[in-house]
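Every read-out reported here was derived from the displayed coordinates using simple, explicitly stated rules and does not represent laboratory data. Remember, predicted model here, so these are calculated numbers, not experimental data. Neighbour counts are summed over all protein chains in view; Cβ atoms, including those assigned to glycine, are modelled from backbone coordinates with ideal geometry.
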Protein chains: 2
Amino acid sequence: MQELEGIKSYKSFSAGDQILWRGDDLTYVASVVKGVATLSKTMEDGRIQMVGLLLPSDFIGRPDRRSIDFDVVATSDVTLCCFQRKPFERLLSTVPHVSQRLMEIALDELDAARDWMVLLGRKTAREKIATFVEMMVRRQHIAGLGLDQEPLILPLTRDEISNYLGLTLETVSRQLNALKKEGVLRFIDRRRFEVIDVEALHTASGDDSDGGVLS
Amino acid sequence: MQELEGIKSYKSFSAGDQILWRGDDLTYVASVVKGVATLSKTMEDGRIQMVGLLLPSDFIGRPDRRSIDFDVVATSDVTLCCFQRKPFERLLSTVPHVSQRLMEIALDELDAARDWMVLLGRKTAREKIATFVEMMVRRQHIAGLGLDQEPLILPLTRDEISNYLGLTLETVSRQLNALKKEGVLRFIDRRRFEVIDVEALHTASGDDSDGGVLS
DNA sequence: CGGAGCGTTGATTAACTTCAAGGGCTGTGG
DNA sequence: CCACAGCCCTTGAAGTTAATCAACGCTCCG
């Protein structure tokens with residue numbers, strides 16, 4: 001692991017910058033240090049579907065793959081910790097533990113993608129929003145954010161959220177406001193919020209039939 | 001590779017049999033020899049989303065994972081070529097080439113899952129159906145089927161297709177019949193069909209803005 | 001003949017999108 | 001300091017797509 005130290009460097013991107021274009025050669029692999037980036041696919045007529053969201057600690061890149069088939073865009077100011085591809089692959093072939101870890105990451109992503117398929121294919125707008133908010137809460141708690149009364153963050157605009165959830169931005173806005181009116185969420189401003197009723201949020205996510213109340 | 005020969009065995013399942021249950025311990029990894037199996041997730045209230053379709057040559061199982069988070073069901077009579085987990089993992093750690101190949105498989109699945117996310121999140125019912133039919137054509141051509149005037153097969157019922165595409169079975173039926181009425185497809189019976197107008201099918205899939213006519 | 005399993009078709013409804021207008025920050029320049 | 005522009009968000013009304021509800025048809029099989 002310490003060998004990685006020698007070949008790493010940092011790259012920064014401003015909010016809105018495109019980090020990688022679909023089809024780009026992947027000359028480095030990287031991990032997100034700060035900020036939020038999105039993976040998305042655009043259809044020829046302009047319809048967009050986000051296929052991944054990169055928060056700090058997430059990984060970009062794949063061994064033995066020349067290019068990627070989606071765009072990577074910095075949604076906020078982003079700092080990446082980059083490793084040149086060549087030395088990284090050398091490391092990969094000499095230290096078996098690394099390739100095992102990468103396999104785990106790929107399989108985790110696959111599981112996440114399949115859960116998202118259920119959301120996209122079968123959940124209602126309300127369930128999609130609630131699931132998304134729950135995911136934001138979970139990820140930020142893991143990162144040690146939003147603990148005491150500190151507000152949580154929506155790292156995406158309504159428009160970006162709509163592209164993640166397969167909705168329109170108007171529907172996203174309406175559903176977020178519905179959760180607000182019902183007293184499930186409280187908004188400090190457009191991006192910052194708190195969860196008032198954790199259980200109602202979970203029930204709304206559709207991931208549980210009975211609200212999760214077991215004895 | 002020849003080492004694998006020593007630890008392999010075959011298992012058969014009848015149409016409708018459940019091959020693996022969500023949460024099952026994975027005591028073996030396997031590859032589909034014959035038949036069709038589905039990977040699917042069921043929500044507590046019964047909504048179903050298929051997250052994968054296994055045709056001959058496809059692989060089940062993942063190294064270093066105890067269990068899976070979806071059901072695997074045989075949709076037709078299925079024969080699997082199975083490898084006991086333990087010896088397989090031993091092989092995996094001694095022959096580096098194998099783990100590399102598994103990584104590739106996982107990354108291919110991830111790419112496929114992301115393409116499916118676009119379909120589920122952004123495509124219309126007509127586009128979903130056309131994309132699905134195109135995929136069936138492609139996969140069967142690769143397998144050497146449906147070449148001269150031999151008909152292609154829909155390996156799933158309308159209901160199963162609807163669960164793959166995030167639609168209802170009625171919508172699947174209507175859209176397939178629409179493509180039939182338009183002269184894009186011809187049906188020999190409920191399962192067997194031919195593509196009359198390949199280009200119209202591709203246009204309907206939404207994967208190309210202008211019908212793919214280049215020069 | 002009768003039933004089960006699958007598929008089709010029609011009528012109605014519900015959910016979400018689309019279209020349209022306006023509101024509220026935030027930063028900038030007069 | 002205020003006016004204004006730009007961006008994002010909200011809200012309402014109308015329009016569409018696909019879901020739902022319901023009935024019926026076909027085919028295989030006992």
Most mobile of B:107, B:201, B:169 in a GNM of chain B (Cα contacts under 10 Å): B:107
Partner chain coverage, peptide B:92-98 - average Cβ within 10 angstrom: 1
Simple label model, 7 Å out from Cα along Cβ direction - residue A:199 to residue A:150, nm: 2.8
Relative contact order (%) - chain B, alpha-carbon pairs under 8 angstrom, separation at least six: 19
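What is the magnitude of the charge dipole of the stretch B:141-190 about its Cα centre, with +1 placed on the Cβ of each Lys and Arg, -1 on the Cβ of each Asp and Glu, and no other charges, expressed in debye to the nearest 20? Mind dumping the intermediate values first?
Working: 6 positive and 7 negative charges, 41 e Å.
Value, rounded to 20: 200 debye.
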Cα→Cβ-extended label distance, 7 Å offset, between residue A:11 and residue B:188, nm: 5.2
Overall dimensions of chain B as given by Cα atoms, namely Rg and Dmax in Å: 18.7, 57
Long-range HN-HN contacts of residue A:24 with modeled amide H, under 5 Å: A:68
Gaussian network model of chain B, springs between alpha carbon atoms under 10 Å - residue of B:25, B:71, B:17 with greatest fluctuation: B:25
Three principal axis lengths of the stretch B:127-191 [C-alpha, angstrom, descending]: 32, 23, 20
Given charges at Cβ of Lys, Arg, Asp, Glu: the stretch B:78-128 dipole, positive-most of B:102, B:125, B:79: B:125
Rg over Rh, two decimals, the stretch A:2-119 (C-alpha only, Kirkwood Rh): 0.97
Extended-chain gain in nm, criterion 0.36 nm per residue less alpha-carbon gap, residue B:104 and residue B:42: 19.5 nm
The protein assembly as shown - Rg and Dmax from Cα coordinates, angstrom: 22.8, 68
Shortest-first distances to equivalent copies, position residue B:84, nm, label 7 Å out along Cβ: 4.7
Using a Förster distance of 41 Å, the FRET efficiency for residue A:25-residue A:159 (Cβ separation, nearest 0.05): 0.90
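Rounded to the nearest 500, what is the 222 nm mean residue ellipticity of chain B from helices alone, with -39500 (n - 2.57) per DSSP H run of 4+ residues and division by all residues?
-13000 deg cm²/dmol
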